[in-house]
Each structure stands twice: as C-alpha cells, then as structure tokens.
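Encoded as structure tokens, the structure appears first; notes follow it.
The values are calculated or read from the model by the stated rules, or taken from the named source; none is laboratory data. Source: prediction; values computed, not measured. Here the Cβ is made from the backbone with ideal geometry for all residues, glycine too, and neighbour counts use every protein chain on show.
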Amino acid sequence: MALPASASEFVVAQRYDYNYRSPIRWVASHVLRYKPLLVSLVVGAWGNAACAFAVPALIGVGFNAIIQPVPNLNTVSLCAILIIVSQIVRGSLMLSRNFSAEMVAQRIERDTRDELYADLLGKSMTFHSMQPVGEIMARTTNDVHELNLMFNPGINLVIGSAMFLFFPLFTAPTIHPQLILTPALFIIGYGLSLKFYSSLLRPATEAVRDRFGDMNARLAEAIDGIETVKGASQEKQELANFDRGATAYRNAFVRQSDIEARFIPLLLMGIAEGTAFLHSILLYRAGGINVGNIIAYMGSIQMFHFPTWISLFGFSNISLGLAAAQRILKLINTRTELDENKDGRTARISGAVRFEGITFGYKEETPILHDISFEAEPGQTVAIVGQTGAGKSTLVKLINRTYDPGAGRILVDGVDVRDWSLESLRSQISIIEQDIFLFSRTVGENIAFGLPGATQAQIEQAARDAQAHDFIMNFKDGYQTVVGERGVTLSGGQRQRLALARAFLTDPRILILDDSTSAIDSATEDQIQRAIQRATKGRTTFLITHRLSQIRWADQIVVLRKGRIAARGTHEELLRTSEPYRRIFDTENTLEPIEQDEIELQPGR
Amino acid sequence: MGDIFDGLDVEAYDRKYSDAQLVRRIFKYFANQKQRIGIVTATVTVNAIVDTMRPIIISQGINIIIAATSPVPLIGLVIGFYIASCASWGTNYVRRRAAGRAIGDIVRDLRNDAFAAAVSRDMSFYDEFSSGKIVSRITSDTQEFAQVVVLITDLISQIIMVFILMAILVLTEWHLALILALLSPTVILAALAFRRVARSASQQASRVLANVNSMISESITGINVAKNFRQEGAIYNQFDGVNRQAYQINLRRGFVLSLIFPTLNTLAGIIMATLLYFGAGSAVSGAISVGAWYLFIQSVWYIWDPLTSVASFWSQFQAGLASAERVFALIDAPAAVVQSDEQPVSELRGEIEFDQVRFQYSDQEVVLPGLDLHIAPGETVAFVGHTGAGKSSIARLVARFYEFQGGNLRIDDRDIRTFDLAAYRRHLGIVSQVPFLFAGTVADNIRYARPEASDADIWAMAHRIGDGEWLDTLPGGLETQVGERGARLSMGQRQLVSLTRVLVQNPSIFILDEATASIDPFTESQIQQALNIILSKSTSILIAHRLSTVKSADRIVVLRKGAIIEEGNHESLLMQGGHYAELYNTYFRHQSLEYIEAARR
C-alpha cells in the first residue's frame, strides 16, 4: 500500500498508511481516519434539514387553525413555540455539522501537509533538481489547502444541500402522493442543467485565470525591467503589449459572465414554484388537500433555493480539490532512485576518485555529460572549468550520489559509490554549492548544521580557518546574529566563508567547492584565497571556479565543453595545447578587436 | 473575510481623495458605458419588481382560495407567476450580460491608464516604490474594484426589492410591518459582531500560515544542504511543531466561522415565529387577510438575504473604494523629470557636457555638488571611485532617468531638457549591472531596442562575438527561450545578449554599468570582444569594475564625493600614486596577472 516508502532517503517512524492508488481513494483514506466526525456531520446535516422542513409544516398547521370557522389561537402559539424550539435545535445541529466538517477539513490539511513534507525530505536530489521550488511550494501550500476547502465548505455543503434537495421527495407525499411530481422533476432538471452549466463554466473560469496570469506576468516583467524599457524607448510597444493582455482578459471575463448570466437552475426554480402552486390549487379544488397543506407544500418547495445556489460552490470546491489531490499524488508517487543503502561499505575515505565513462542527463534522452573519464589522486586539487551549461556542477554532484550516472561509474577509493553506505559516503564528502544556502538561524547554528553537538570553541576554530571569524565578530551579536530573511544580509563572499566553516567542522575527506562568488575588493579576495587554500589542504578537492588564480595553480585542470572533456592537464600543458585556455589568461586584453565595419547597420532612427 | 486588510500598506504617493472626488473619478470611467449602465439600471428595477410580484401573487392566490370564488382569477395568477419567474430570469440574464461588458471595459480602461501612468514615471519613482506593489495596483486593485461593482449591482437589485416589499407590507398593516422592521436589524448586528471576531481569528491564521510557508520554503530551498549533512530528521521535527500549531489556530478560526450561519438561521426562525403569532391575531381580528399574513411570514426570507449581504458587504465595499483610491493615486503621482520642450533628435554626435551640475536623490545628501565634465564625441571614459562617489549618477543623468537640481547638461550643445525623450533615448545604448531580458527568444531580446532589425542583421551581429560560439552553448541558438527576466540564461549569457542588443542598435552614446557578478573566464573573454566593438563606435561612459575595462578607456575619471579629483590613463594615474592608486589597490589588484602568478600556495 505505501508505495513511495520503498525507496527513500528519509523515513518518518510511525506513519499512517494511506491508499495511493487514485486521488479519490487517497482522499477517502484520509477522510476515513475520522469516522466519528463523519457520523456527527451526516447526523447534523440530516437533523438540520428536518428542522428546516418543520417550519413550513408548522406554519401550515397554524394557518389551518386560523381559517377554521372558530379560529384557534392556542394552536398558533404552540406552533410559534415549536418553530422557535425547532430552530434552536436546528442551529445546534447545524453547528455540530459545520464544526465536524471543519475539524475533518483542518486535519486533512495538517495530515496531507505532513505526509507530503516527510515524503519530500525522502526524495532524492535528482527529483528535487527537476522540480522547481515554486511548484513544490504550490503543492504544499495551495493544493493542500484546496483539500481543506474541498471538505469544508465543499463536501459539507454538498451533503447539507443534498438533504434539502431530497427532503421534499419524502415530505411532499405525506401531504398528498401526487405532490411528489414537482420535486422529482425539479431534481432531474436541476441535475442535468447543473452538469451542463458547470461543463461550460469550468473552461471559461480557467481561461479568465490564465489570461490574468499572462497579463500579470508580462506587466511584472515590464515594471521590473522599466529601466530597460525606458533606455530602449519602447514605452509605446509595452503599452500596446499590455493593452493586448488586458483586452484578452476582458474578453475572457465577458465570456464567463455571459455563461453565469445563463444560470438555468434559477429558471427551473421559478417554474417549479409555479407548477407546485398550480398543482396544489388543482388538488385543493379536487378536495385532496386543505389550505394549510398548500402553504406547507409551497414552503418546502421554497427550500430548493438553498441547493440551487449553494451546491455550485460545493461542486467547484470538490473538483478543485480532486485536481489538487491528483497533483499532490503525482508528486508523492514519483519514484526516486536513490536509497540509503544501509548495508553498503562503511570506511574512512582516503580520497582517490575515478570517473569511468560517465554519461548523465536529468532526462535520459538529453545527456548533459558524455563519456567523462579522469582520475584524482588523494589530496589533489582538480579545477573544473568551462562555460555555463558545460556540465561542471552536474559532474561533481555525481561523487556524493546527489545523482547517479546513466552509464559508467565513479569509484571512491576503488569502490563504486553505489556500493558505499549513503551515510558513510555523504558524511565524508562536503559540497559547497554555487548558491550557498543558509538557514534563517544564527551564524553559530548555521556553522554547526552538520555537527549539531559542536562546542563554541569548535565553531570558532572552523570560522577562523574559513577566514570568517573576523567579520562574524563585527556583527553586533557575533555568533548569535541571525542571518537570512529576518536577519542580516550577507555578501556572497561572506556566505561562502560561512559555508566553508560549515564544511570544516565536519572535516570531510573530499571537498567539492562550486565557487561562483567574485570579490569586489582585493582585501576580500585575499581572505577568500587563504580560506580556499586552507580548505584544499589534506583532502581531495574539486574546484569549480572562475578564479584564474585558483585555476592557475591547481594540480589538474579539466576543461569541459558541452558535456565533454575538451582538454585536461596542468596549467603549463594547457597553455601549450588549448587556444581557448590561452585566451582566458589574456587579461591584459591584447587581443585585436575584430576588423571594423565588416557589417555596418544604419544608425539609429 | 480576513483578506480585507491585505495589500492596504500605505505608500508615499498615496493621497486622500474626498468621497466626492472619488465618486467623480469613478463616474468618469462609467461615462463611456452610458448605454450599458442604462440597460443595467432598467433591468435591475424590473427584476426587483417581478421578484416582489411572486410572493404577492401566491398570497393573493391564498385569499382567493379561501374566499372560494370563481377559479378563473386563479388561472390568471398561475400564468402571472410563470411570467414573473421567466421575466425574473430574463432580466437577470440581460442585466448580467450588460454589466459584464461594462465592467470588463471599465477595468481595462483603468488598467491601461494605470500602466501608462506607471510607465511615464521616472526612475526615482521606481527607486522609492517596490515594483511588486506597483504591479498589484495595476492588476489586483483594479480587479477588486471590479468585484465591488458586480456586488453593487446585485445588491441594488435586492435593496429595491426590500423597499418595494416593505412599502407593500406597511400599506397592508403597519403594526406587523413595524415588528418586522424592528427585528431585522438584529441580523445586521449579529453579522457585524461575527465579522469582528472572525477578523482577529483570521489574522492569526494568516500569520501562522505565513510561518508554515516560510518553513517549507526554506527547507525545500535548502534541501541539498540538509541532505549533504544528513539532517532531514531535525528539519522534520521542526516542521511538525509549526504544522501542529497551525492546525490549532486554524481550528479556532474555523469554530468561530462555523457559528455564523447557525446563529443567523436561528434568529430568522425566531422572527418568523413572532410574525406567525402576531399575524394570527391580526388575521383573526380581520385587520389583514390570511394571504397578507402569509406574505408577512414569507417576507422574512426575502428580506433576509439582502440584509446579510449588506452586513458582509459593507467592508468589501470600503475595500473596493480604497482600491480605487490606490489606483488613482498611482495615476496621479507627480513626475519629477519634466521636459521643457519636445524637440526632435534626428542624429547625435555624442558630445556630452556637464556644466556645474548639482544632483541629489530625493531628500538625501547631495551626490554631485557641481560637476564639470566634457566628453568628446567617440571618446571612451571610465569612471572609478568608491561606492557613492557618483559614478552611476553621472550615467543616469545622461540617460535622463533622473532630474538634476542645478547647472546644465548639454548633449551636442543642446539642453537635455529640451529633447523629445523617446527620440533622444533611441540614440542611447544602455547595459545595466544586472542585464534585464524579457521573456521571449534571444533574438527578440537582441531586437528589443530596434524592432525593425532583420533576422540577417541579428544573426550577423551575434556572430561577430567569438564567432558566435556563445550561441552554441544555448540549446536553441538565437531561438532559445530566455525565460522570465532571462532566468534561463547565465549572467554571462545575459551580458552577451544585452551587448548584442546594443550592437544592433548602434547608438551614439553607450552607457555600461559593469556587472560585478562572477562570470566564467571563457564567457568573460567573449564579453570583452563585444565591448571592444561597441567602444570603437560610440561615445562611451563606463562604470568599470574590471581591470581590463578600465584599461581599455581613453580616459579614466577618478571620482570622490561627486567631484573629479584625478584624470588620465591607467599607467600615468598609477604612477601619480594618488587616489587612483589607492582604488587600484582596493578593487583591481587581484585581477592582475601578477596577482594570479603570485597566488601559488
């Protein structure tokens, strides 16, 4: 049953088993966790309708009492009292219905969010790198909330209004058997027309939402890039663009309101009331019913008002909820390739890394790396260079099994990484990514992230080694300074040195540094250089860097071009063998600009 | 209910409009829709009348039945009821169609006006106000305004109905009508009381939701770190706590909201029972007919809906007006850059002259106290200096993104204030520090400043840089989609695209605010190539961050606190050992070949 738990990097103890076979079953398995609440919901809904229908019946009795030749005011006061009592009972039953629904709905949101979150933590990085953060956020916030709304008001209203819809089928025949006719016909007509209506409305509403999104996206872009718009004096073009978007939205909006204008159930409601009136007059004249009956009957037909308006919301909530459930399930049911491999090799890594014929692509049909083979000896520093998109970052992430290669293998100390225990492998390899991520916690906690029990002395030592201690002490709260959204903003160089400190604390055997920072001033550059030098000492290091000074002095340089090794060797070797490599060291800009005017455009208007 | 306060943050350009002003402004937009508004008004009125007819017809029917006279009028009543039902639906249909079109058009007009106003503001406006909020005024606030208009037409129809019904009831029997009129406000009071409680519960709920969301967002963004250090468990426990807390608070809010309708319904039942009882007395005494008695009891339902709507609608109405106010404030925000004339600018040599130019950003300290600077046509000038020395300000004034407060700025001996701005800016090529690309293809972006450029021109220009090698690294070459804001391209690739844009534009004056972001050395050498081509053709203003760019300038201008303190080329300035030497040591030393060679570990 618990399909996704089979291959996971992280599992929460004591999880409840849900059914993952289809969105409906999955939602049902969530709902059925709370059976007593469901019972209280249905009982409340039924009782609510019963008490509501008591009102027209009692009013009918009251009328009969008055139009008698000898009016009986006592019966009327009894009816009035009974109405008040029934409505107080009704209020409490409705409350218990609403509250049960609310409780189930909130629990579903809580449970599914928890379930999804735990599942996401267990998914491999291949999964996460394919999934934009925005998309995952949409699942864990909006979609999970849609499930909440699907139950309340969605299912709650549908159950509640269904009672109102079907009650006349039972109350009307108690007045006269023929009177079942109008409610029965109405229900059929109502069902058909509602189905037709929502089949028209759904695409129209989606179109409105899409057009709004388009208009908004383009507008946001134009406003963000206003300097470019003005600089290129393209204001008129952008105004025309926006007008197109606003007009497309206007047309979608008009289409939707046209469909809404044609809400057939409203017409049916009026016709049903008229027919009920006609029918009861005919029965009265035939002597089948009395005046009180007519009033009671008309009153119960009027109860259709509630389902006519309300169920529309309910159904759309449910269909939105099911769509959300489907999206969430799709995420949960995505298989993830890596697992913890607990029985794998556990040993201290000495640091020999060997790539053998590696081919890899996030999607198998479009490989990013082709047939990569090279070797790093323990303690060596390997610089990996190349243009953006050459595959540098991907290549190094294969070492700690962030991803597994499609073909070929990677050996660490002569053992395929897939035969290592994931715990043992990852705990000895440290990756410092291009976008350095710090949690919204204190500086000290961020450094100690990989070693939760670290002492203050250990943390400070790591920070000193990473050349971070000085700038940390310059903060008012030192190591207690909170970073991130709610705290101080750090520069790229500072973030990088914190990440280095974080890595130093776990003393990895293999360090992977994906370095894309650039120092604005030379003093900072000096510190970064010292920190990186300290980091490479005594461990195998893979450096992805734009720093010529780091490339210049690496033990080995691998030049990647479009996923293949274009050149490999030491600095001196590459200066001899590679023209593009020689060009990047031409910082004095001695290259001739291309001959002028071989293509001449008309000057600007 | 809780989102009433969303987006109500006050911005400095907000202004208070009197209600009369506001209504007049709104009315202006409605004026273009006279015919539709007429249709809506007519159908709303007819709709209210026929809706009131229905309970009256039934109450008359009951009177006739009890009187047991001829059945003929009854048949007429039934037919009348059918006609009223169809007419109710029909008028509603016509009304909604007309209202939909009117509102659609009004909102489009309002949006276009708001966007046009935003586009015509100068850059100081954008420095001050976040683009997200400007966008939300143009799209969301106008949207909210539209929804309120829809609600108003619904509500007016219902209120007309309430008045007609109440008038009939008063005429029928004013004692009973008075009872109904006195009891009805309890509904409004109850609804308003709930709103108050619900609002504070909702605020709490949205705060806790924000907590959950930022928690999830953070851990998903940092998932690689958590995985690298095997800390999934710790993160999960933290989330679990926040998630449970959110559940508790949401449940409390749900409980408050669950109370509303049961309470309102019970109140309605009590009012109905009261009317049943007192109406019975009047019916027996003969003050009213039985049919009228029925009408009184029925009217509770008919009055119910509009009253609850008014209560829940009131704050929405206020929010809608506030939205309109915000949109108008955006439209009416004053411009800082004002042109004295709109002289055409057909051709420029690119001569720039600052004559005692004094400049400051609004209310901040003076950036340029009195700048004198002459740049000859075709000259390449690099500006260096610490942050805040005034480098960017010089470039921005040339681009006329900001207004200066004193002195003169002349381009080709003409006052920059007399230009037709759009025409002038067509001669400027600007590459900003973080190059901005629009969603679309690489070719679209290259063509941006010059939409009429042919595919062949673009292809040729793109291939002048590094033999077009950079295009090979893009999956679709020139047809590659760059994504929103160019997100799918690397910083270096974005630089190359925007430099090619300038190449195609072939401007007289080129302004470069050089990127500080780190770019891979291969791309870097291609950027340098593109720069060399542009610099050879235009008057160039460079805010340089790279040593090679500084060196490629004809003249280096050293700025401190908005004043020029040294000028010359790289070697001579370095020899002087002045401020430039200090700047070199601070910002450029680590980019030199000597530094690289000395970095041996």
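State whether one or more residues within region B:285-307 are under 42 Å from the mean Cα position of the chain (by Cα) and free of Cβ contacts under 8 Å to residues at least 40 places away in the same chain. Yes, some residue in region B:285-307 is under 42 Å from the mean Cα position of the chain (by Cα) and free of Cβ contacts under 8 Å to residues at least 40 places away in the same chain. Applying the criterion of being outside any loop (DSSP other than H, G, I, E, B) and at the interface with chain A (Cβ under 10 Å from one of its Cβ atoms) to the residues of region B:433-457, the residue that is farthest from B:Ile527 (Cα to Cα) is B:Ala456. Considering (1) more than 9 Å from chain B (Cβ to nearest Cβ); (2) in contact with a helix residue (DSSP H, G or I) (Cβ under 7 Å, 6 or more places away or on another chain), the lone condition that A:Gln68 does not fulfil carries the number (2). Cβ separations smaller than 8 Å between residues 6+ apart or across chains give the following pairs from region B:528-554 residues that are more than 8 Å from chain A (Cβ to nearest Cβ) and under 22 Å from B:Gly468 (Cα atoms) to residues that are assigned to a helix (DSSP H, G or I) and aliphatic (A, V, I, L, M): B:Ala530/B:Leu496; B:Ala530/B:Leu499; B:Ala530/B:Leu503; B:Leu531/B:Leu499; B:Ile534/B:Leu499; B:Ile534/B:Val502; B:Ile534/B:Leu503; B:Thr549/B:Leu531.
Within region A:206-248, the residues that satisfy the criterion of being of a type in the set (Ser, Thr, Tyr) and not in a loop (DSSP other than H, G, I, E, B) are A:Thr228, A:Thr247. Where strands (runs of 3 or more DSSP E) fall entirely within region B:360-429, none has at least 1 residues that are in contact with a His (Cβ under 8 Å, 6 or more places away or on another chain) and surrounded by fewer than 22 Cβ atoms within 10 Å (Cβ to Cβ). Among the residues of region B:14-32, those identified as among the aromatic types (Phe, Trp, Tyr) and touching a helix residue (DSSP H, G or I) at 6+ places or on another chain (Cβ under 9 Å) are B:Tyr17, B:Tyr29, B:Phe30. Kindly indicate whether A:Leu219 is under 30 Å from A:Gly60 (Cα atoms) and surrounded by 19 or more Cβ atoms within 10 Å (Cβ to Cβ). No; evaluated as a whole, the condition is false for this residue. Taken over region A:227-281, the residue count meeting the criterion of being more than 7 Å from chain B (Cβ to nearest Cβ), under 21 Å from A:Leu200 (Cα atoms) and not basic (Lys, Arg) is 11. Residues of region B:468-506 that are free of Cβ contacts under 8 Å to residues at least 12 places away in the same chain, within 9 Å of chain A (Cβ to nearest Cβ) and assigned to a helix (DSSP H, G or I): B:Asp472 alone.
Of the listed requirements (1) on the phi < 0 side of the Ramachandran plot; (2) in a loop (DSSP other than H, G, I, E, B); (3) of a type outside the set (Asp, Glu); (4) more than 11 Å from chain B (Cβ to nearest Cβ), A:Gly538 misses just one: (1).
Which ones in region A:71-85 are closer than 30 Å to B:Leu259 by Cβ and either more than 7 Å from every other protein chain (Cβ to nearest Cβ) or of a type in the set (A, V, I, L, M, F, W, C) (or both)? Scanning region A:71-85 gives A:Leu78, A:Cys79, A:Ala80, A:Ile81, A:Leu82, A:Ile83, A:Ile84, A:Val85.
Going through A:Leu194, A:Leu179, A:Leu201 one at a time, which residue ends up being within 30 Å of A:Phe99 (Cα to Cα), among the hydrophobic types (A, V, I, L, M, F, W, C) and in contact (Cβ under 8 Å) with a residue 24 or more places away in the chain?
A:Leu194
Got at least one residue in region A:365-387 being more than 25 Å from A:Gln550 (Cα to Cα), part of a strand (DSSP E or B) and of a type in the set (Phe, Trp, Tyr)? Looking through region A:365-387, none of the residues is more than 25 Å from A:Gln550 (Cα to Cα), part of a strand (DSSP E or B) and of a type in the set (Phe, Trp, Tyr). Among the residues of region B:96-113, those that are touching a residue at least 60 places away in the same chain (Cβ under 8 Å) and either surrounded by 23 or more Cβ atoms within 10 Å (Cβ to Cβ) or not basic (Lys, Arg) (or both) comprise B:Ala98, B:Ala99, B:Ala102, B:Asp105, B:Ile106, B:Asp109, B:Leu110, B:Asp113.
Taken over region B:215-232, the criterion of being facing chain A (nearest Cβ under 7 Å) and either outside any loop (DSSP other than H, G, I, E, B) or at pLDDT 85 or above (or both) is satisfied by B:Ile216, B:Ser217, B:Glu218, B:Ile220, B:Thr221, B:Ile223, B:Asn224, B:Val225, B:Lys227, B:Asn228, B:Glu232.
Every residue, every condition in (1) at pLDDT 85 or above; (2) of a type in the set (Lys, Arg), yes or no:
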{"position": "A:Val412", "(1), (2)": "yes, no"}
{"position": "A:Val415", "(1), (2)": "yes, no"}
{"position": "A:Gly444", "(1), (2)": "yes, no"}
{"position": "A:Gly450", "(1), (2)": "no, no"}
{"position": "A:Gln467", "(1), (2)": "yes, no"}
{"position": "A:Asn474", "(1), (2)": "yes, no"}
{"position": "A:Arg486", "(1), (2)": "no, yes"}
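The single condition among (1) in a strand (DSSP E or B); (2) within 21 Å of B:Arg546 (Cβ to Cβ); (3) hydroxyl-bearing (Ser, Thr, Tyr) that A:Thr517 does not satisfy is (1).
Restricting to region B:556-591, give me the number of residues that are in a loop (DSSP other than H, G, I, E, B) and crowded, with 16+ Cβ neighbours inside 10 Å.
Step one: of region B:556-591, the residues in a loop (DSSP other than H, G, I, E, B) are B:561-562, B:569, B:577-578.
So of that shortlist, the ones also crowded, with 16+ Cβ neighbours inside 10 Å come out as B:562.
Within region B:556-591, residues that are in a loop (DSSP other than H, G, I, E, B) and crowded, with 16+ Cβ neighbours inside 10 Å number 1.
There is no residue in region A:124-137 that is away from every other protein chain (no Cβ under 11 Å), aromatic (Phe, Trp, Tyr) and in a helix (DSSP H, G or I).
Identify, from the list A:Phe585, A:Phe542, the residue that is at pLDDT 85 or above and either buried (at least 18 other Cβ atoms within 10 Å of the Cβ) or within 30 Å of B:Leu583 (Cβ to Cβ) (or both). Being at pLDDT 85 or above and either buried (at least 18 other Cβ atoms within 10 Å of the Cβ) or within 30 Å of B:Leu583 (Cβ to Cβ) (or both) holds for just one of A:Phe585, A:Phe542, which is A:Phe542. Scanning region B:65-78 for residues that are at the interface with chain A (Cβ under 9 Å from one of its Cβ atoms) and either crowded, with 18+ Cβ neighbours inside 10 Å or free of Cβ contacts under 8 Å to residues at least 24 places away in the same chain (or both) gives B:Ile65, B:Pro71, B:Leu74, B:Ile75, B:Leu77, B:Val78.
Within region A:447-465, restricting attention to residues that are of a type outside the set (D, E, K, R) and touching a Phe, Trp or Tyr at 6+ places or on another chain (Cβ under 6 Å), the residue that is farthest from the other protein chains (Cβ to nearest Cβ) is A:Ala462. Residues in region A:354-397 that are within 14 Å of another protein chain (Cβ to nearest Cβ) and of a type in the set (A, V, I, L, M, F, W, C): A:Ile368, A:Ala383, A:Ile384, A:Val385, A:Ala390, A:Val396.
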